[in-house]
Amino acid sequence: MKIRLVGLLCICLILSGLPAAEAKTIIRVTLQLPESHSLGRNWNRFKEIIERESGGELELQLFPSAQLYKDNQVPEAVGSGAIEAGSAFLGRFTGSVPAVDVVALPFFFKDEAALRLSVSSGSPMRQLLDTAILEETGARVLWWQAFGRNVFLSKNEPLSLPEDVRGKKVRSYGKVQSWTVEALGGAPTIMSGSQQFLAYQQGAVDIGMTGASAVESRKLYEVMPNMTLTFDSVIEFVAVMNNDFFESLSPENQQLLLDAASTVEEELRDAIYAQEAQAVEALRAKMTVVDLTAEERDRWRAATSSVIDRFMAEIGPTGEAVVRAGLEEEGR
């Protein structure tokens, strides 16, 4: 017994001299889409980087397919600290920061290079929007998640000119997109992405607006045989984190998160536009794809230019500031 007690005492003394195991910091993330989706893979890439670079001190747990929160609940859930982080459609923040809808302005970005410049981390436009989201919601934007660019679909005749929309019923998915339809003389009807196929099939609308990649994934070519590559606006998601949680981390881990966010943001944007190009090429065999000429694009831009003025007038000073920041970034 005496030997056993001595042995136990020795073990206790040895263990007491060992450093205590460091507790992991868990980061829970709510996602709307499955992990197999490009946005889910993007978060998994972020997870890989931060867990490796932190030596396991940070652990990221993904909850995909809206298991915890729906898209419209994410800004409040993250901002309040109910969950540490998540992804949401950028437009979900319009209730607090209406100016985020600048990315929905038609033909605001003259080309892909201008778009990349304006929405890149640290650009004047991004700084204005990311700061406003943080101040108004308590959610810190880590990075923007590219989702693709908008196109128009039609059932009867292909659309080449802005006049082709006049008098038609058009599926829309946001306020500014609806303003675009109105500027073109159409009648907008807001509906969710999941409603599109049936609505097009039943003729509920004459024209559709959606992301180019969605045409292939949702098989919309089966009910809408024409696609016009207007690429007039962009669809963006944002990866956000509760700011109080972010500031509770060590400076080293804060910088680690920001560096990883910068890396995965660029990787996703490159991948999305490559996938979009591949999807468009695949769709050329399944439907009529209209590539606008420079002259036709200028006519669409002129026909919808009033939307930018409407945006600045209705959104107010912040809306005007982000528009001017975007224009100055492009040298216009």
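The values are calculated or read from the model by the stated rules, or taken from the named source; none is laboratory data. It should be emphasised that the depicted structure is a prediction, and the values quoted were computed from it without experimental measurement. Here the Cβ positions follow ideal geometry from the backbone for every residue, glycine too, while neighbour counts run over all protein chains shown. The protein model used for the area step is the full one, side chains on, heavy atoms only, and it has no ligands, DNA or RNA in it. Shrake-Rupley method; radii C 1.70, N 1.55, O 1.52, S 1.80 Å.
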**OP:** With respect to Asp130, determine if the residue is without any contact (Cβ under 8 Å) to a residue 12 or more places away in the chain, more than 21 Å from Ser192 (Cα to Cα), charged (D, E, K, R) and buried (at least 21 other Cβ atoms within 10 Å of the Cβ).
**Re:** yes
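Mind checking which residues of region 77-86 are of a type in the set (A, V, I, L, M), part of a helix (DSSP H, G or I) and surrounded by fewer than 23 Cβ atoms within 10 Å (Cβ to Cβ)?
Hit for region 77-86 is Ala77, nothing else.
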Subject >> Sole residue being closer than 21 Å to Pro251 by Cα and either in contact (Cβ under 8 Å) with a residue 24 or more places away in the chain or part of a strand (DSSP E or B) (or both), chosen from Glu35, Glu59, Glu51 >> reply: Glu59
Original post:
What number goes with the only condition from (1) at pLDDT 95 or above; (2) surrounded by 19 or more Cβ atoms within 10 Å (Cβ to Cβ); (3) part of a helix (DSSP H, G or I) that Gly319 does not pass?
Top reply: (1)
Subject >> Residue, nearest to Leu90 (Cα to Cα), within region 25-49, restricted to residues that are touching a Lys or Arg at 6+ places or on another chain (Cβ under 9 Å) and open to solvent by 10 Å² or more (accessible area, probe 1.4 Å) >> reply: Gln32
Original post:
Quick check: anything in region 303-317 of a type in the set (S, T, N, Q), under 26 Å from Tyr69 (Cβ atoms) and in contact with a Phe, Trp or Tyr (Cβ under 7 Å, 6 or more places away or on another chain)?
Top reply: no
Original post:
Under the condition of being among the aliphatic types (A, V, I, L, M) and either surrounded by 23 or more Cβ atoms within 10 Å (Cβ to Cβ) or within 12 Å of the chain's Cα centre (by Cα) (or both), which residue from region 134-152 is farthest from Val74 (Cα to Cα)?
Top reply: Val151
**OP:** Could you please give the count of residues in region 236-265 that are under 19 Å from Glu53 (Cα atoms) and open to solvent by 60 Å² or more (accessible area, probe 1.4 Å)?
**Re:** 8
Subject >> Residue, farthest from Ala104 (Cα to Cα), within region 266-286, restricted to residues that are touching an Asp or Glu at 6+ places or on another chain (Cβ under 9 Å) and surrounded by 14 or more Cβ atoms within 10 Å (Cβ to Cβ) >> reply: Lys286
**OP:** Could you please let me know if Glu163 is surrounded by fewer than 16 Cβ atoms within 10 Å (Cβ to Cβ), part of a helix (DSSP H, G or I), under 25 Å from the mean Cα position of the chain (by Cα) and at pLDDT 95 or above?
**Re:** no
Original post:
From the set of residues in region 208-235 that are of a type in the set (Gly, Ala, Ser) and assigned to a helix (DSSP H, G or I), which is surrounded by the most Cβ atoms within 10 Å (Cβ to Cβ)?
Top reply: Ala212
Original post:
Restricting attention to region 87-126, which residues are assigned to a helix (DSSP H, G or I), without any contact (Cβ under 8 Å) to a residue 60 or more places away in the chain and surrounded by fewer than 18 Cβ atoms within 10 Å (Cβ to Cβ)?
Top reply: Ala113
Original post:
Between a first residue in region 180-197 that is touching a residue at least 12 places away in the same chain (Cβ under 8 Å) and open to solvent by 50 Å² or more (accessible area, probe 1.4 Å) and a second residue that is assigned to a strand (DSSP E or B) and of a type in the set (S, T, N, Q), which pairs have beta carbons less than 8 Å apart while being 6 or more apart in sequence or on different chains?
Top reply: Thr189/Ser172; Ile190/Ser172
